[in-house]
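All remarks here apply to the structure that follows.
All of the numbers you see were taken from the coordinates with simple rules; none came from a lab. Bear in mind the structure is a predicted one, so any value in this text is a computation, not a measurement. Because the Cβ atoms are built from the backbone with ideal geometry, glycine has one as well, and the counts that use them run over all protein chains shown.
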Amino acid sequence: MSLIMKSKLQKKLTQQAERLFMNNFNGIGKAKTKTSELLHGRRSIKEQARIVGKAASDLNLKNLKLLTPIMAQEYLTTCRDKGLCQKYLSTIKCSLQRALFKHENNTLTRVIAFDRKKIPLTDKNRAYTNEQIRLIMTSMNDKAKLSTLIAVNAGLRVEELLTIRRLDEATVSSSRSWSSKRFIGREEGVRYILTGKTGLRREILISKDIAELMENTRLTQPKTIIDRKHSFVINYDLLGGKRLSDAFSRASIKTLGWSNGAHGLRFTYAQNRMDNELINFTDSEAKLIISQELGHFREEITDRYLEPYSKRT
């Protein structure tokens, strides 16, 4: 099913869920009581309807009436496996229960979220799964969504989004020897140049469809902005630096209940390259390619993104 068809189906299912909630749990304007099962705010009704509509869509149902308790229970387990927090899992459970049982005295089994003990970021795998990134972006505005897509697609630091240039607007650093094998295995894309740590200028590759979206944000005139007390001349109306870092963390905590920071997108990029796109290269060759794409030239730094998390390490 195409993304457009999937989106239309989810909208249809959400509308069905909203009608169900309005018919059975509409408590707008009514007095609240401790035993009341009614929802007293429009936002609460819409949010629970959205959750149920998304669940039905994820389960590939064409009508909300086809949702069964077994499906809902398995869906809760799937949500747990995606790393959702206990609070969000409880909200999903409550929403599905209302849709399934209405005012009957039945419940779904509580699913316990994984225990995410506080581990120093230097000791943990900060990568996000594609599904987790998709969930995070549901709580972002369009600018933050596009900036996040670019960051994970090209393996960027948040401040590097503020330095993106077309190939005819900058040159790569000549002090480094660049491998001709960079970007092998990537889908068709457009090359740009940006400035990273220590002023190193390197090429990046952005997938063609994402590059087209980015070009739609190009400014008619470059603009100077300040980020973390440093000035940047930007050519694209993207979110970068501290603003993207903050927006990403807020959205991640809201949807997943935790955040590994926007820097985790670079872990995702590196591990995807190693595990899926550079499988025909030796570990050493693959690490060299990834290190240059990330703007590093030392294998031990690249290892931090890969070991022991990559399937090949």
Amide proton proximity set for ARG201, modelled H, under 5 Å, gap of 5+ = SER173, GLY196
ask   = Per q in 0.21 1/Å, what log10 I(q)/I(0) does a Debye calculation on the alpha-carbon atoms of region 186-313 return?
value = -1.42
For region 244-259, 3J(HN,Hα) per residue [Karplus equation, 6.51 cos²θ - 1.76 cosθ + 1.60, θ = phi - 60°, Hz, x = Gly/Pro] = 6, 4, 5, 5, 5, 5, 4, 5, 5, 5, 5, 9, 9, x, 7, 8
query = Which one is right for this structure if Rg and Dmax of the Cα atoms in Å is calculated from it: [x] 19.3, 66; [y] 22.7, 71; [z] 25.2, 80?
reply = [y]
ask   = For the residue pair SER284 and ARG166, what label-to-label distance in nm results when each label sits 7 Å from Cα along the Cα-to-beta-carbon direction?
value = 4.2 nm
ask   = Given LEU306, ILE289, TRP258, which one lies farthest toward the positive end of the charge dipole of region 121-306, if we put +1 on the Cβ of every Lys and Arg and -1 on the Cβ of every Asp and Glu?
value = TRP258
key: Residues whose placed amide H lies under 5 Å from that of TYR236, excluding near-sequence neighbours   = LEU219
remark   = For THR91, THR148, THR198, ascending order of other Cβ atoms within 10 Å (fewest first) is THR198, THR91, THR148
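May I ask which of LYS30/LYS254; LYS208/LYS254; LYS12/LYS102; LYS8/LYS145; LYS46/LYS93 have a Cα-Cα span longer than 22 Å here? If you can, show how the numbers build up before the last one.
Numbers: LYS30/LYS254 29 Å; LYS208/LYS254 30 Å; LYS12/LYS102 20 Å; LYS8/LYS145 20 Å; LYS46/LYS93 16 Å.
Correct reply: LYS30/LYS254; LYS208/LYS254.
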inquiry  = Ranking request for peptides 153-161, 236-244, 61-69: highest mean number of other beta-carbon atoms within 10 Å first, then the rest in descending order.
reply    = 153-161, 236-244, 61-69
query = Ranked highest first by the average count of other Cβ atoms within 10 Å around their residues, in what order do 276-284, 225-233, 247-255 fall?
reply = 247-255, 276-284, 225-233
query = aspartates and glutamates within cross-link reach of LYS181: Cα-Cα under 17 Å, excluding same-chain residues under 8 positions apart?
reply = GLU203, ASP275, GLU277, ASP283, GLU285, GLU293, GLU299
key: Relative contact order (%) - the chain, alpha-carbon pairs under 8 angstrom, separation at least six   = 17 percent
